Amino acid sequence: MGAAEAVSRIESGMTVGIGGWGSRRKPMALVRALLRTDVTDLTVVSFGGPDVGLLAAAGKIRKLVTAFATLDSIPLEPHFRAARERGTLELVELDEAMVMWGLTAAVHRLPFLPVRAGLGSDVMTVNPALRTVRSPYEDGEELVAVPALRLDVALVHLNRADAAGNGQYLGPDPYFDDLFCEAAERAYVSCERVVGTAEFGAAGGPQTLLVARHSVTGVIEAPHGAHFTSCAPDYGRDEAFQSAYAKAAADPGAWREFSARFLSGDEDAYRAAVADFGREGR
């Protein structure tokens with residue numbers, strides 16, 4: 001399906017999980033498609049990057065569940081910073097492991113999973129709703145009961161997928177895209193290229209087959225669909241574009257110009273504008 005069709009199934013008030021990590025392999029084509037809708041009031045679960053920044057800048061996030069929001073080479077996502085300073089979104093800030101186990105609990109349809117992460121830290125202070133449980137066995141250990149992070153929709157981007165919904169990553173890290181898909185009622189996978197199922201073996205071993213078709217609702221072929229984040233080994237992060245994005249985010253007038261140039265049209269218009277930007281840099 002196309003990106004517009006996938007995001008047309010997202011409704012205001014839903015909980016949306018977004019795969020990738022910081023400014024790496026984010027489903028940016030799907031995020032940009034979501035920006036073109038009137039959907040709002042979202043709860044977003046993400047190891048945050050520019051996905052969080054763009055949705056926050058557009059006023060689409062009511063509540064954010066995350067461990068961080070970073071552009072990697074730029075430590076703090078600028079639109080996330082601005083949203084926090086203005087108090088325009090509710091933040092549930094968790095330890096990275098807590099997000100992972102919250103997704104895992106949702107995958108297994110459990111109400112929570114006990115973990116040690118967060119104990120002795122201000123995670124417990126800034127999240128007063130978190131509860132602890134005590135082991136019923138001889139050790140009697142006290143653990144954090146991380147609630148399941150159940151998702152209405154997951155959006156992820158992978159290097160390759162087949163038409164049935166099997167997805168393959170070829171980079172150095174799977175991140176947690178499989179958990180996002182399995183924790184969601186519906187999952188949409190964008191990819192650099194749709195391939196025949198038999199082609200998976202030529203690109204990598206069985207461990208690269210990260211996402212299985214049983215957890216995928218739709219597949220979207222989106223070349224450079226992670227731009228401006230990285231999608232190794234297909235391409236790296238577009239550092240020049242990311243820098244321009246961050247600089248524009250610091251000034252309302254500059255951001256209006258940036259949005260008009262890069263975010264006012266469809267995905268074809270975005271790619272054309274990015275190509276023009278690249279030629280200017282040369």
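Counted without the sites themselves, the longest stretch of the chain free of GluC sites (Glu not before Pro) in a DSSP loop having at most 16 other beta carbon atoms within 10 Å is 142-282.
Assign one of three labels to the range 8-91, namely rounded, prolate or oblate, based on the Cα gyration tensor with a ≥ b ≥ c the square roots of its eigenvalues; rounded applies when a/c is under 1.5, prolate when it is not and a/b is larger than b/c, and oblate otherwise. Note, shape of the range 8-91 comes out oblate.
Can you compute the charge dipole magnitude of the range 1-152 about its Cα centre, using +1 on each Lys and Arg Cβ and -1 on each Asp and Glu Cβ, nothing else charged? Give it in debye, rounded to the nearest 20.
On the way: 17 positive and 18 negative charges, 101 e Å.
Charge dipole of the range 1-152: 480 debye, to the nearest 20.
Springs join every pair of Cα atoms under 10 Å in this Gaussian network model of the chain, and among SER215, SER230, SER264 the largest mean-square fluctuation is at SER264.
Sketch the reach of a paramagnetic label on ALA163 as a point 7 Å from Cα along Cα-to-Cβ, and name the residues of the range 1-20 whose backbone nitrogen lies under 13 Å away. Within reach of a label on ALA163, which here means backbone N under 13 Å from a point 7 Å along Cα→Cβ, the range 1-20 contributes 1. Inter-part distance, the range 1-80 to the range 144-161, computed on C-alpha centroids, equals 12 Å.
I want the antiparallel fraction of DSSP beta bridges within the range 52-175, as a percent rounded to 5.
Working: 10 of 14 bridges.
Given both bridge residues lie in the range 52-175, the antiparallel proportion sits at roughly 70 percent.
3J(HN,Hα) along the range 163-174, derived from phi through the Karplus expression 6.51 cos²θ - 1.76 cosθ + 1.60 where θ = phi - 60°, amounts to 5, 7, x, 6, x, 10, 9, 10, x, x, 8, x Hz, with x in place of Gly and Pro. Translational diffusion of the range 1-50, estimated by Stokes-Einstein from the Kirkwood radius over alpha carbon pairs at 37 °C in a medium of 0.692 mPa s, is 291 µm² per second. Going by neighbour counts of Cβ atoms within 10 Å, the residues MET14, MET1, MET98 line up, fewest first, as MET1, MET14, MET98.
So for the chain: antiparallel DSSP bridges make up what percent, rounded to the nearest 5?
Details: 13 of 43 bridges.
Percent antiparallel among DSSP bridges in the chain is about 30.
How would the chain be classified by its alpha-carbon gyration tensor: rounded, prolate or oblate, with rounded meaning a/c under 1.5 and the a/b versus b/c comparison settling the rest? Oblate, since a/c reaches 1.5 and b/c is not below a/b.
Which of ILE18, ILE74 comes first, and how do the rest follow, when ranked by fewest Cβ neighbours within 10 Å?
Numbers: ILE18 28, ILE74 18.
Placing the least packed residue first, the sequence is ILE74, ILE18.
Can you sort HIS157, HIS224, HIS214 by how many other beta carbons sit within 10 Å, fewest first? Before the final figure, lay out each step's value.
Working: HIS157 31, HIS224 17, HIS214 10.
Fewest-to-most ranking of HIS157, HIS224, HIS214: HIS214, HIS224, HIS157.
Only the coordinates and a few stated rules stand behind these numbers; no lab work does. Predicted model, so just to flag it, every value in this text is computed and none were measured. Heads up, the Cβs are rebuilt from the backbone with ideal geometry, glycines too, and the neighbour counts pull from every protein chain shown.
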